[in-house]
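*Asks:* One structure, as structure tokens, below. Some questions next.
What follows is calculated from the coordinates using simple rules that are stated; it is not laboratory data. All figures in this text were calculated on a predicted structure; none of them were measured in a lab. Here the Cβ positions follow ideal geometry from the backbone for every residue, glycine too, while neighbour counts run over all protein chains shown.
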Amino acid sequence: MLLNPLRLTWRFLIRNTIQEVVLQPDRNPLDIVREYLAYQVPVVDRSDLEAVIIGELQQLHEGVLMRYRLSPPELADWRESMSKSGYLSQEEDKP
């Protein structure tokens, strides 16, 4: 198995960003992700790291909640909010 150096280097930022996105279900997740990246990540890595985080959010499930320090009710609330708002739909991901 090959390790993604970007994922390894920024693992704590990835975890914290995903946690913040889920804990703020009323906000656009892309806005939160971009805010976190703007202050902490060099420009050269931002778009790749944004893609990693968005991919993790789209695949978020109960089996990985402990990794992100989240609870099942928090995930359920976030999913409900995302389904109502349409955030993170396939069209949203494309620039």
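*Asks:* Quick one: net charge around Arg27, please, counting Lys, Arg +1 and Asp, Glu -1 for every other residue with C-beta under 10 Å from its C-beta.
*Replies:* -4
*Asks:* Given an 8 Å cut-off on Cα distances and at least 6 residues of separation, report the relative contact order of the chain as a percent.
*Replies:* 36
*Asks:* Which of rounded, prolate, oblate describes region 1-79, given a ≥ b ≥ c as roots of the alpha-carbon gyration tensor eigenvalues and a/c under 1.5 marking rounded, otherwise prolate only if a/b is larger than b/c?
*Replies:* Note, shape of region 1-79 comes out oblate.
*Asks:* In debye, nearest 20, what is the charge dipole magnitude of region 5-93 about its Cα centre with +1 on Lys and Arg Cβ and -1 on Asp and Glu Cβ, if you could check?
*Replies:* In total the dipole reaches around 340 debye.
*Asks:* Let me ask another. Per residue of region 37-53, in order, report the coupling 6.51 cos²θ - 1.76 cosθ + 1.60 (Karplus, θ = phi - 60°) as ³J(HN,Hα) in whole Hz, putting x for Gly and Pro.
*Replies:* 5, 4, 8, 10, 10, x, 3, 4, 9, 4, 5, 5, 5, 4, 4, 4, 5
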